[in-house]
Amino acid sequence: MSLSPHEPLVTDNPKHAALGLAIGGRLVRVDQLPTGRLEFVFENVPLDLEEQVLNDAIVVSAKRFIDAMEGILGIIAARRRQRAS
């Protein structure tokens, strides 16, 4: 797994964002796209993360993934509340 601290990984897929956190990536920002979806920007994750997911090449503990997914879902919920108010 080659990591690049200089090129961030950008994804709007919450599952991939949770995986990025679970494998030790650093979430540097969350942007809202014109469509309303959130875009998660990470450092210190493989640039080919989505390809590795498709090839079943990443192994992570279920607990770490669940904890990370709870964090991502919390971000999504907070943004929805902000938009609603």
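Hey, can you tell me all the residues within segment 36-55 that are in a helix (DSSP H, G or I) and farther than 14 Å from P14 by Cβ?
Once the filter is applied, which keeps residues that are in a helix (DSSP H, G or I) and farther than 14 Å from P14 by Cβ, segment 36-55 yields E51, Q52, L54.
Does I58 count as farther than 16 Å from P8 by Cβ and either among the charged types (D, E, K, R) or assigned to a helix (DSSP H, G or I) (or both)?
no
Given E50, E70, which one is acidic (D, E) and surrounded by 13 or more Cβ atoms within 10 Å (Cβ to Cβ)?
Numbers: E70 fails: surrounded by 13 or more Cβ atoms within 10 Å (Cβ to Cβ).
Testing whether each residue is acidic (D, E) and surrounded by 13 or more Cβ atoms within 10 Å (Cβ to Cβ) leaves just E50.
Would segment 41-54 turn up any residue that is closer than 28 Å to R81 by Cβ and not hydrophobic (A, V, I, L, M, F, W, C)? Spell out how you get there, then give the answer.
Taking segment 41-54 and keeping what is closer than 28 Å to R81 by Cβ, we get 41-43, 45.
So of that shortlist, the ones also not hydrophobic (A, V, I, L, M, F, W, C) come out as 43.
So far as segment 41-54 goes, yes, one or more of its residues are closer than 28 Å to R81 by Cβ and not hydrophobic (A, V, I, L, M, F, W, C).
Being more than 13 Å from A18 (Cβ to Cβ) and surrounded by 12 or more Cβ atoms within 10 Å (Cβ to Cβ) is the filter here; which residues of segment 54-67 pass it? Don't jump to the end; show me each part of the working.
Going through segment 54-67, the residues more than 13 Å from A18 (Cβ to Cβ) turn out to be 54-57, 59.
The answer is A57, and nothing else.
Since R83 meets every condition but one in (1) within 16 Å of L21 (Cβ to Cβ); (2) assigned to a helix (DSSP H, G or I), which condition does it not meet?
R83 satisfies all of (1) within 16 Å of L21 (Cβ to Cβ); (2) assigned to a helix (DSSP H, G or I) except (1).
Readers should treat all values here as calculations from the given coordinates under stated rules, not as data from a laboratory. Fair warning: this is a prediction, and the values are worked out from it, not measured in the lab. Cβ: placed from backbone, ideal geometry, glycine included. Neighbour counts: every protein chain shown.
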